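Structure incoming, see below.
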Amino acid sequence: MKSLNNSSTSIKNWALDDRPREKLITKGAAVLSDSELLAILISTGSKSKSAVELAKEVLQLGKNNLNELGKLSVNDLMTIKGIGEAKAITLVAALELGRRRQATASLVKTNIQSSNDIAEYLKATLKDYAYEIFAVVFLNRANKINHFEIISKGGITGTVADPRVILKRALEHDATAIVLCHNHPSGNLKPSKADEDLTLKIKEAAKYFDIRVMDHIIVSEDGHYSFADEGIL
């Protein structure tokens with residue numbers, strides 16, 4: 001019996017205006033739907049589904065929300081029949097680039113003087129993690145960013161940051177000030193007693209190297225909490 005698959009589902013058999021790649025070239029990326037953009041990344045369909053149909057399933061897995069989609073892992077995406085490891089890796093990589101673009105665009109390209117100058121960058125950078133991440137922004141004498149680094153990754157309930165590692169990195173990057181940051185996957189922005197104790201410990205240790213702890217910012221999808229703004233520092 002002849003297979004009913006490829007002739008009807010292959011993008012090659014669609015009208016030119018309906019093919020995502022050709023549509024992007026002739027009309028621009030902005031006119032493509034999310035599923036069409038994902039279909040370009042997926043590239044080829046399966047025996048029974050076109051790339052666009054697979055893309056729609058990918059979107060459904062992400063609750064038809066690109067932010068939720070960005071939280072999915074390679075293994076999550078591979079639960080869709082027709083999405084193998086190579087396709088899943090391509091999708092995760094593309095979504096990560098999008099996240100980084102968003103984070104970079106959120107960063108004000110001026111001197112960092114307040115929590116608002118950097119909070120959106122940190123929120124965009126860390127909000128998608130399902131577990132706690134502790135990161136540090138290293139600033140030079142002009143209060144401009146020299147370096148950003150994730151120091152440690154923890155479990156769902158917390159992470160540990162070693163002050164010695166943070167200060168070593170600060171010296172390596174000629175930082176005169178640092179901004180501490182971690183995320184709260186639960187969405188609760190209130191700092192714990194452990195958060196406060198760690199902040200003060202790092203602040204006191206940094207004084208010996210003439211390094212100022214400018215702020216400690218907690219981020220979640222709902223917003224941010226600044227130790228400096230709240231008077232804790």
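Where a number appears in this text, it was derived from the coordinates with a stated rule and is not lab data. Being a predicted model, the structure only gives us computed values, none of them experimental. Cβ coordinates were reconstructed from backbone atoms using ideal geometry, including for glycine residues, and neighbour counts include every protein chain displayed.
Apply the Karplus curve 6.51 cos²θ - 1.76 cosθ + 1.60, θ = phi - 60°, to the phi angles in the stretch 67-77 and return the couplings in whole Hz, x for Gly and Pro.
These are the phi-based 3J(HN,Hα) values: 5, 5, 4, x, 8, 6, 8, 4, 5, 4, 5 Hz.
Under 22 Å between C-alpha atoms is the cut-off here; go through the stretch 112-211 and count lysine pairs that meet it, provided they're at least eight residues apart or on different chains.
So the count works out to 23.
Okay, next question. Quick one: H216, H224, fewest Cβ neighbours within 10 Å first, how do they rank?
On the way: H216 27, H224 21.
Ascending Cβ contact count within 10 Å gives the list H224, H216.
For helix 51-61, report the angle its Cα long axis makes with the longest principal axis of the Cα atoms of the chain; keep it between 0 and 90° and round to the nearest 10°.
Helix 51-61 and the main axis of the chain meet at about 40 degrees.
Sorting F148, F227, F209 on the 10 Å Cβ count, fewest up front, what's the list? Present the calculation step by step, with values, prior to reporting the outcome.
Numbers: F148 18, F227 23, F209 13.
Result, fewest neighbours first: F209, F148, F227.
Right, next: ³J(HN,Hα) across the stretch 188-203 via Karplus (A = 6.51, B = -1.76, C = 1.60, θ = phi - 60°), whole Hz, x for Gly/Pro?
Values, residue by residue: 6, 8, 5, x, 8, 4, 5, 4, 5, 5, 5, 4, 5, 4, 5, 4 Hz.
Running a GNM on the chain with Cα contacts under 10 Å, which residue among T26, T44, T79 ends up with the highest mean-square fluctuation?
Result: T26 has the largest fluctuation of those listed.
Another question about this same structure. If the chain between D174 and R141 were fully stretched, how many nm would it gain, using 0.36 nm times the residue separation less the Cα-Cα distance?
On the way: separation 33, 0.36 × 33 = 11.88 nm, distance 0.89 nm.
Here the answer is 11.0 nm.
Give me the angle, in degrees from 0 to 90, between the Cα long axis of helix 85-106 and the longest principal axis of the Cα atoms of the chain, rounded to the nearest 10.
Taking Cα atoms only, the helix is inclined about 50 degrees.
Which shape class, rounded, prolate or oblate, goes with the stretch 15-104 when its Cα gyration tensor gives a ≥ b ≥ c as root eigenvalues, a/c under 1.5 marks rounded, and past that a/b bigger than b/c marks prolate?
Numbers: a/c = 1.90, a/b = 1.13, b/c = 1.68.
Verdict is oblate for the stretch 15-104.
Sticking with this structure for a sec: I need the phi-derived Karplus couplings for the stretch 169-176: 6.51 cos²θ - 1.76 cosθ + 1.60, θ = phi - 60°, integer Hz, Gly and Pro marked x.
Listing the rounded values in order: 5, 4, 5, 4, 9, 6, 7, 9 Hz.
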